[in-house]
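I have placed the structure first, in the form of structure tokens, so that the comments after it can refer back to it.
Each value in this text was obtained by applying a stated rule to the coordinates, not by laboratory testing. On a predicted model such as this, the values are computed, not experimentally measured, just so you know. Cβ coordinates were reconstructed from backbone atoms using ideal geometry, including for glycine residues, and neighbour counts include every protein chain displayed.
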Amino acid sequence: MPSKRDPAAYHLYIEARKVWRSKIGWQLTLTETTQILTDVRKASELGDWGARALLAHFYLYGLGVLESNHVLDAAPDKAVEIARMASAAGQPWGIFDLGVAYEHGYGGAVQDRDLAWAYFLRAAELGSPDAQMTLASVYGSAGRFADEETMLKCAYLQGHGPAAYDLGIKAEVEKRYMDAIKLHQEGVKFGSKESAASLELLFTDGHGPGATAEEKAELELLGIRSDSERKNRYDKIYDALEINPDLRLKRLDKVLPLPPDALPSWVDVNDAIEPETGGTPSY
């Protein structure tokens, strides 16, 4: 991405995105979906790559899930057209999206798995966490576990929630329980509702479902116990991320620290979100 972006285009895009992420799809009104589409299109025309990526998403899936708020039919060919433009500009997300199009054969992209994987590899090299997660999955299936972990860590170090969750599950399997808890905490900061669900379950009983006696004993030694207040806070965070996966909870440790730290008071999930700086927007 360019280091700076046009403030006017960014404002159009981000405000439209906030409205889109403020409700579940069927709760949006026709006025809201119409304005979302209008503003994202305008920001895209003004050159904002975030807006272009979101517009490609709308073209791929449509916008407005009900007859009463539907404003855009799916048009995969237009989504792929944007992906091609982004790919030509060296945008990792566009290269990945183009790979997905070739993998499944839609939007005018002829199905070609070899070409798809060439795109995935290139996108991963350029830093696409989605591409890195795709590679991690196939490396794991092929028994290349060191390569799987490398790709997961590449995505994790970019603040990718699904990578934090997968690394947390891997740590659980390897009986590195405190590492797993810390990785899930990072996953929540990165916007992973799955990590929030894992910690909610952990603090429901002080251990996960199906925990062995050995695991329960080790977790107790680590100070992990049933904690209804922690459980409730992760539950509220899960609900918020279910609606808005864009949330990044950078202040999570201040309002929901891991044991043995005591819980401070909080009002709601917004206390865990770092306020916007108001500076020149960057990618």
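General observations
- Mean silhouette area of the stretch 160-278, derived from the convex hull of its C-alpha atoms and averaged over all directions, reads 7.2 nm².
- Above-threshold pairs, the threshold being 20 Å between Cα atoms, out of Lys4/Lys254; Lys23/Lys250; Lys4/Lys189; Lys182/Lys231: Lys4/Lys254; Lys23/Lys250; Lys4/Lys189
- Proportion of all alpha-carbon pairs of the stretch 1-110 beyond 23 Å (%): 29
- Straight-distance candidates among the aspartates and glutamates for linking to Lys216, with alpha-carbon spacing under 19 Å and chain neighbours fewer than 8 residues away dropped: Glu172, Glu174, Asp179, Glu200, Asp205, Asp227.
- Taking all Cα pairs closer than 8 Å and separated by 6 or more residues, the relative contact order of the chain comes to 13 percent.
- Proximity of backbone amide H atoms, modeled 1.01 Å from N, is registered between Leu72 and Leu63 at under 5 Å, excluding neighbours fewer than 5 places apart on the same chain.
- Contour excess over end-to-end distance, with Cα ends at Ile273 and Phe145 and 0.36 nm allotted per residue: 42.6 nm
- Cut-off of 10 Å, at most 10 other beta carbons, DSSP loop: longest stretch of the chain lacking such GluC sites (Glu not before Pro): 68-173
- Computed FRET value (nearest 0.05) for Asn232 with Asp114, which takes r as the C-beta separation and R₀ as 35 Å: 0.10
- Mean separation of Cα contacts under 8 Å (6+ apart) over length of the stretch 150-242, as relative contact order %: 24
- Overall Cα dimensions of the stretch 87-206, principal axis frame, Å, largest first: 51, 28, 22
- Quotient of Cα Rg and 2.2 N^0.38 Å for the chain, N being how many residues it contains: 1.10
- For the stretch 223-232, the Karplus equation 6.51 cos²θ - 1.76 cosθ + 1.60, evaluated at θ = phi - 60°, returns couplings of x, 8, 9, 4, 8, 5, 5, 4, 4, 5 Hz by residue, with Gly and Pro reported as x.
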